[in-house]
Amino acid sequence: MDSSVESSPSKRERSVMLSLLALARPKQWIKNALVFAAPLSAGVILQPTVLVWTLITFASFCLAASAVYMTNDVLDVEKDRNHPKKRYRPVASGKVKAKSAIVSAAFCAILSLILPTLFVRVEVSLVILAYLCLQAAYVWKLKEEPVIDVAVIAGGFLLRAVAGGVAANVEISNAFFVVIGFGTFFMAVGKRYSEIMTIDQDSTATRATLNKYTPGYLRILLAISATVSLVGYILWAFEIQAASDTYVPFATLSIIPVTLVLMRYAKDAESADAEAPEDAIFADRWLFALGLAWLALFAAQVLQR
């Protein structure tokens, strides 16, 4: 009897810990891999010090992003309870109390600022602080404003890439900003397009801004952002190619899979399969294969330096 009594609290503690981990959304941490983009393109990612700094920056952004997710789940708890999928989230389902979620969010946010200050450089912490402020504005008001909501999402990704450049102390080109900024804007618009195609108009209260979009307008945004991001990537690839003495133009060749990735993702958005971009990448085997092809070509370019 004693052992069963002792095991009961232990099971509850494990359940709470698992719920808190789910609240942090570790599946979304893959987005923070953008911190590796700048040091990778600069060819310094394999330098031991740079690699350690970038990994710490990656971990810090994971903490910061989790803090935002936790806070958002507390603020949107009533809306989430009316959503067919989001109602199973830890706070909406009652597995995690709102107070515990807020305390966890504060802990993650503070730790995300302390780690880079102690082990990388304070400028990285300033970038993460800017990210947290931007996300706070998004959660508070900006997520209800059409176009602005998508721009803020893209801005969050851009700050991830900037943090990687700051951590590695490498210069970031203008073309890099265009590619990351409009590329992530394109993905965010694709997410909105899939959402508006899959959620009934009577249910759009779960994300109020969807009422302010139309499929036709989102298609226009998809076309604009895809075009700008592709042109930016072409300029970036030519810039990288011109700065190297390689015989095989891997950077230039990488334009092909990037173009096909944009086309394929637009197709997934049109089919309402891009509501969760991180899932769409793995669910669409051709999109995933094209991404690997791009990574292989880009890595080959970098390694030839």
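The values are calculated or read from the model by the stated rules, or taken from the named source; none is laboratory data. Being a predicted model, the structure only gives us computed values, none of them experimental. Glycine gets a Cβ as well: all are built from the backbone with ideal geometry, and neighbour counts include every protein chain shown. These area figures cover heavy atoms from the full protein model, side chains too; ligands, DNA and RNA do not enter into them. Shrake-Rupley method; radii C 1.70, N 1.55, O 1.52, S 1.80 Å.
Going through (1) buried (at least 20 other Cβ atoms within 10 Å of the Cβ); (2) more than 26 Å from Lys143 (Cα to Cα) one by one, Ala65 falls short only on (2).
Considering region 107-120, and only residues there that are over 17 Å from the mean Cα position of the chain (by Cα) and free of Cβ contacts under 8 Å to residues at least 60 places away in the same chain, the residue that is farthest from Thr49 (Cα to Cα) turns out to be Phe107. Would you confirm, using the coordinates I've provided, whether Ser60 is farther than 30 Å from Ile196 by Cα, surrounded by fewer than 21 Cβ atoms within 10 Å (Cβ to Cβ) and of a type in the set (Gly, Ala, Ser)? Considered against the rule, which asks whether it is farther than 30 Å from Ile196 by Cα, surrounded by fewer than 21 Cβ atoms within 10 Å (Cβ to Cβ) and of a type in the set (Gly, Ala, Ser), Ser60 comes out as no.
For region 4-26, the condition of being in a helix (DSSP H, G or I), modelled with pLDDT of 85 or more and surrounded by fewer than 17 Cβ atoms within 10 Å (Cβ to Cβ) holds for at least one residue. Reported count of residues in region 276-286, each being open to solvent by 70 Å² or more (accessible area, probe 1.4 Å) and among the charged types (D, E, K, R), is 1. Identify, please: which residue in region 257-266 is aliphatic (A, V, I, L, M) and open to solvent by 50 Å² or more (accessible area, probe 1.4 Å) and is, among those, farthest from Lys191 (Cα to Cα)? Looking at residues that are aliphatic (A, V, I, L, M) and open to solvent by 50 Å² or more (accessible area, probe 1.4 Å), I get Leu260. Being at pLDDT 85 or above, of a type in the set (A, V, I, L, M, F, W, C) and more than 23 Å from Thr259 (Cβ to Cβ) is the requirement here; does Ala163 meet it? Criteria met by Ala163. Which residues, taken from region 263-305, are in a helix (DSSP H, G or I) and of a type in the set (Ser, Thr, Tyr)? The one that is in a helix (DSSP H, G or I) and of a type in the set (Ser, Thr, Tyr): Tyr265.
Would you confirm, using the coordinates I've provided, whether Thr49 is of a type in the set (S, T, N, Q) and crowded, with 18+ Cβ neighbours inside 10 Å? Answer is no for this residue. Each residue in region 112-133 was checked for being crowded, with 18+ Cβ neighbours inside 10 Å and either at pLDDT below 95 or not in a helix (DSSP H, G or I) (or both), and 1 of them qualify.
Residues that are open to solvent by 40 Å² or more (accessible area, probe 1.4 Å) and of a type in the set (Ser, Thr, Tyr) number at least 3 in none of the helices (runs of 4 or more DSSP H) confined to region 146-256.
What about Asp273, is it open to solvent by 30 Å² or more (accessible area, probe 1.4 Å), of a type in the set (D, E, K, R) and modelled with pLDDT under 95? Spelling it out, Asp273 is indeed open to solvent by 30 Å² or more (accessible area, probe 1.4 Å), of a type in the set (D, E, K, R) and modelled with pLDDT under 95. Exactly one residue out of Val52, Val91, Val96 is assigned to a loop (DSSP other than H, G, I, E, B) and on the phi < 0 side of the Ramachandran plot, and it is Val96.
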